[in-house]
1. With respect to ARG168, is the statement that it is charged (D, E, K, R) and touching a residue at least 60 places away in the same chain (Cβ under 8 Å) true?
2. Tell me the residue from ILE63, ILE7 that is open to solvent by 30 Å² or more (accessible area, probe 1.4 Å), within 17 Å of VAL124 (Cα to Cα), in a helix (DSSP H, G or I) and not charged (D, E, K, R), please.
3. Do we find a residue being at negative phi and touching a Lys or Arg at 6+ places or on another chain (Cβ under 8 Å) anywhere in the range 177-192?
4. Name the single residue that is surrounded by the fewest Cβ atoms within 10 Å (Cβ to Cβ) among those in the range 139-190 being within 13 Å of LYS33 (Cα to Cα) and of a type in the set (D, E, K, R).
5. If you scan the range 16-30, which residues turn out to be more than 12 Å from the chain's Cα centre (by Cα) and in a loop (DSSP other than H, G, I, E, B)?
6. Hey, SER32 hits all of (1) open to solvent by 70 Å² or more (accessible area, probe 1.4 Å); (2) at pLDDT below 95 but one; which does it fall short on?
7. Being in contact (Cβ under 8 Å) with a residue 24 or more places away in the chain, hydrophobic (A, V, I, L, M, F, W, C), part of a helix (DSSP H, G or I) and closer than 18 Å to GLY143 by Cα narrows it down to one of ILE121, ILE78, so name that one.
8. Criterion first (under 17 Å from the mean Cα position of the chain (by Cα), at pLDDT 90 or above and open to solvent by 40 Å² or more (accessible area, probe 1.4 Å)) does ILE81 satisfy it?
Amino acid sequence: MLTYISIIVTAIFVNNIVFAQFLGICPILGVSKKLSSALGMGAAVTFVMTIATCVTWLIQDMILGPMSLDYMQTIVFILVIAALVQMLEIIIKKIAPALYQALGVFLPLITTNCAVLGVAILVVQKGFNLGESIVYAISTALGFTLALVIFAGIREHLELMDVPAPMRGVPVALICAGLLAMAFMGFSGISVG
């Protein structure tokens, strides 16, 4: 139980996928203009990251590892994630149209989100079992969502501020991202267990 708590705290705060590992920055800059779209993207990433991590862990454990094909891990994971996102989009569209409407815009964006691939590779590198991998994927996705929501809140607030013309948009967003990354470094001293 302590292992799972450690994984959760570490993935969300200490090694936040965005602010400590610098993965998934493109969606942070692109989708974080409104809080509602940030929450939608966060939900879609949580859903896809959990399923993709589970599937890629099984492929690594049952096919790539036993057949000594570890060198093909990255390309196989990329193909599996892209195919999985496409299948999920089709299935959700048929089974749950309301969920498709909520996630539909964000699902294609997740195909190119490097955080999903990063988590799939990290669980293999860390030697997690399937349960730990799923907990890590969910926790990392929650950390991604936290970063996205915080950043969206800041960007919405910046729209109301008098920012100098050359700094508007991406420049001030990058400065804020850097400041948030420094703030999350404050969690690096936390040790659970």
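The values are calculated or read from the model by the stated rules, or taken from the named source; none is laboratory data. Keep in mind that what you see is a predicted model, and the values were worked out from it rather than measured. Every residue, glycine among them, receives a Cβ derived from its backbone with ideal geometry; neighbour counts consider all protein chains shown. Each accessible area value is taken on the protein alone, full model and side chains, heavy atoms only, with ligands, DNA and RNA left out. Shrake-Rupley method; radii C 1.70, N 1.55, O 1.52, S 1.80 Å.
1. Working: charged (D, E, K, R): yes; touching a residue at least 60 places away in the same chain (Cβ under 8 Å): no.
Criteria not met by ARG168.
2. On the way: ILE7 fails: open to solvent by 30 Å² or more (accessible area, probe 1.4 Å).
After ruling out the rest, the residue left standing is ILE63.
3. Here is the first cut: in the range 177-192, the ones at negative phi are 177-192.
Those still in the list that are touching a Lys or Arg at 6+ places or on another chain (Cβ under 8 Å) too: none.
Within the range 177-192 (the criterion being at negative phi and touching a Lys or Arg at 6+ places or on another chain (Cβ under 8 Å)), the answer is no, since none of the residues qualifies.
4. Only one residue tops the list, namely GLU159.
5. First, the residues of the range 16-30 that are more than 12 Å from the chain's Cα centre (by Cα): 20, 29-30.
Listed by number, the list holds a single entry, ALA20.
6. For SER32, the exception is condition (1).
7. Working: ILE78 fails: closer than 18 Å to GLY143 by Cα.
Sole residue among the options that is in contact (Cβ under 8 Å) with a residue 24 or more places away in the chain, hydrophobic (A, V, I, L, M, F, W, C), part of a helix (DSSP H, G or I) and closer than 18 Å to GLY143 by Cα: ILE121.
8. On the way: under 17 Å from the mean Cα position of the chain (by Cα): yes; at pLDDT 90 or above: yes; open to solvent by 40 Å² or more (accessible area, probe 1.4 Å): no.
In short, no.
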